[in-house]
Amino acid sequence: DTGVSQDPRHKITKRGQNVTFRCDPISEHNRLYWYRQTLGQGPEFLTYFQNEAQLEKSRLLSDRFSAERPKGSFSTLEIQRTEQGDSAMYLCASSRGLDQETQYFGPGTRLLVL
Amino acid sequence: AQTVTQSQPEMSVQEAETVTLSCTYDTSESDYYLFWYKQPPSRQMILVIRQEAYKQQNATENRFSVNFQKAAKSFSLKISDSQLGDAAMYFCAYGEYGNKLVFGAGTILRVKS
């Protein structure tokens, strides 16, 4: 069990650029979640997948955000035309999706938009 | 929509003493899960303890225990014999089967030596 991994750990970009983050869940976890956390706040839900199907998207997920989970393994979160308000920590979590509802979190990707 | 409230932005405890962090939540569901997560500075969020709503017995994990009051929608975390390594931001979270977690704003715990 290698845990949830995220790449990159840090990303600095200029306003208007596109960025993509990757999350690798714990092996055999079929649910994968994305959250956004701003400084001093709790994480806020963005979207989640059951295998390759995206089952729910938050209203926080504007049209500039898109997430995929091809083949039900790793997931990517892309932000197009970044804005300074997108600066945050982007957290990924996974769970087995059975009655074990505990979500295990990755280290996060910290995004800074200049 | 479900909400989670942590009314204590910051708490302090002396090493080896006991501290209780408060959490209340709002839901109309009867089956759900509650969690406490710990997030040390610049480090990964880790699970401290979880409670299934259908269980009347309060969960315990070594020095960590909860006081789950379903009718009052209250879920507090007690840390006994506090250690310097317990210093972190603690988040209370609510979840339903397979769905998103709803987090509180967090409580910063400082441990004094």
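Once you have a ≥ b ≥ c as the square roots of the Cα gyration tensor eigenvalues for region A:11-114, tell me rounded if a/c is under 1.5, and otherwise prolate or oblate according to whether a/b is larger than b/c. Prolate is the answer for region A:11-114, as a/c is 1.5 or above and a/b outweighs b/c. Taking every alpha-carbon pair in chain B and binning the separations at 5 Å intervals from zero gives 2, 13, 24, 25, 19, 10, 5, 1, 0 percent. Expressed as a whole percent, the accessible area of the protein assembly as shown that falls on carbon and sulfur atoms is 44 (1.4 Å probe). By the rule of a C-alpha distance below 26 Å, with chain neighbours fewer than 8 residues away ignored, the lysines paired with B:K55 are B:K38, B:K70, B:K73, B:K78, B:K100. Entry for region B:1-40 at q = 0.14, 0.20 Å⁻¹: log10 I(q)/I(0) = -0.46, -0.79, Debye formula applied to identical alpha-carbon scatterers, no solvent contribution.
If DNA, RNA and ligands are ignored and the probe is 1.4 Å, what is the ranking of B:I79, A:I26, B:I108 by accessible area, most exposed first? Intermediate results must be reported in sequence, preceding the final value.
Details: B:I79 0, A:I26 20, B:I108 55 Å².
Reading off the accessible areas and sorting them downward yields B:I108, A:I26, B:I79.
Can you list which of the chymotrypsin sites (Phe, Trp or Tyr not before Pro) found in region B:24-113 are DSSP loop residues with at most 14 other C-beta atoms within 10 Å? The qualifying sites are B:Y54, B:Y97. Structure remark: mean-square fluctuation, Gaussian network model of chain A, C-alpha springs under 10 Å; the largest value among A:R31, A:R69, A:R15 belongs to A:R15.
Can you give the local net charge around A:T82? Use residues other than it whose beta-carbon is closer than 12 angstrom to its beta-carbon, Lys and Arg +1, Asp and Glu -1. Please list the in-between numbers first.
Working: positive: A:K11, A:K14, A:R15, A:R64, A:R81; negative: A:E78, A:E83, A:D86.
So the environment of A:T82 carries a net charge of +2.
Compute the longest continuous run of chain A that contains no exposed GluC sites (Glu not before Pro); treat a site as exposed when its DSSP state is not H, G, I, E or B and it has at most 13 other Cβ atoms within 10 Å. Free of exposed loop sites, the longest segment is A:29-82. Using a/c under 1.5 as the rounded threshold, could you call the protein assembly as shown rounded, prolate or oblate? The axes a ≥ b ≥ c are square roots of the C-alpha gyration tensor eigenvalues, and prolate needs a/b larger than b/c, oblate otherwise. Prolate is the answer for the protein assembly as shown, as a/c is 1.5 or above and a/b outweighs b/c. As a calculated quantity, the FRET efficiency between A:Q17 and B:E52 at R0 = 41 Å, using C-beta atoms, amounts to about 0.40.
The values are calculated or read from the model by the stated rules, or taken from the named source; none is laboratory data. Nothing here was measured: the structure is a model prediction, and the numbers come from that model. For neighbour counting, all protein chains shown are included, and Cβ atoms are generated from backbone atoms with ideal geometry for every residue, glycine included. Just the protein is used for accessible areas: all its heavy atoms, side chains included, with ligands, DNA and RNA removed. Shrake-Rupley method; radii C 1.70, N 1.55, O 1.52, S 1.80 Å.
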